Structures are given as C-alpha cells and as structure tokens.
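Inspection log for the structure reproduced underneath, given as structure tokens.
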Amino acid sequence: MLTVKVTMISKKDIASVTPAVSDYAQNLDNLCERLLRQQPHSKALLEGLLARSRRTSRPCAFAPVQSNRCSACNMAVASAQIQKVKSGEFINCAHCSIFLYHERR
Ligand SMILES: [Zn+2]
C-alpha cells in the first residue's frame, strides 16, 4: 500500500510567508497529496519548488492552467500536455517547471 506523508509542509510556514493564505494552504496540502499519490517520484522536484516558494515569498509550486497557458509564467502549454492535465494528471511547465493542474469549476 502506498502512503505518502507530506511532512515537509507546515501550514505555519506558509502562513508566515503570505497573509491570508489559509485557502491557499489548504489547497496546497490537497495538491501535494494528490501529486504524491499520483507521482511519488515527483517528491524531490516538489520539495525544490516549495523551497523556492519560501525563498521568494510567493507560491510557486502549483499553478492552474488557464486558457491553455501556465498561469504562473503565462507561457503556452503544449496541447498534448493540456490533454494530460485535463484528464487529471499533473504536468510541469516547460518554462518555469511549476506543477500545473486543471482547475475544476
Ligand atoms: Zn510556467
């Protein structure tokens, strides 16, 4: 059985970075969990991005795809990748390497 604990993320850490991020922190927890359940091998990359988030004081580990673009760096995402994202997979932006996901509305 595969159980991946996301221990490196504490809500306090995130809250100290940006105010009013409780939604984001909640969302981030969910995203990390989903990502690691789906792609356990992405853990090292995720940790790197989270470390970068803390350094730069802004969230840069996950971003939703918006209008077929990475909403973090605004670069277009390849259509093959878009298909993956829409089917629920996480992909990495080819430009800023952030984890991209499909935002369900
Ligand atoms: Zn990007």
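Some notes on this structure:
- Hey, ALA25 surrounded by fewer than 16 Cβ atoms within 10 Å (Cβ to Cβ) and in a helix (DSSP H, G or I) or not: no
- Within the range 83-96, the set of residues being over 10 Å from the mean Cα position of the chain (by Cα), outside any helix (DSSP H, G or I) and surrounded by 17 or more Cβ atoms within 10 Å (Cβ to Cβ) comprises just one member, CYS93.
- For the range 48-75, the set of residues classified as of a type outside the set (D, E, K, R), more than 10 Å from the ligand (Cβ to nearest atom) and either free of Cβ contacts under 8 Å to residues at least 12 places away in the same chain or not in a loop (DSSP other than H, G, I, E, B) (or both) consists of GLY48, LEU49, LEU50, ALA51, SER53, THR56, PHE62, PRO64, GLN66, SER67, listed by residue number.
- For the range 35-85, the candidate set comprises residues that are closer than 24 Å to SER22 by Cα and of a type in the set (Gly, Ala, Ser); within that set, the residue that is modelled with the lowest pLDDT is SER57.
- Residue pairs whose Cβ atoms lie under 7 Å apart, sitting 6 or more positions apart in sequence or on different chains, and linking a residue in the range 13-31 that is farther than 20 Å from TYR101 by Cβ and of a type outside the set (Phe, Trp, Tyr) to a partner that is surrounded by 13 or more Cβ atoms within 10 Å (Cβ to Cβ) and at pLDDT 85 or above, are ASP13/ARG54; VAL17/ARG54.
The values are calculated or read from the model by the stated rules, or taken from the named source; none is laboratory data. Keep in mind that what you see is a predicted model, and the values were worked out from it rather than measured. Backbone-built Cβ (ideal geometry, glycine too); neighbour counts: all protein chains shown.
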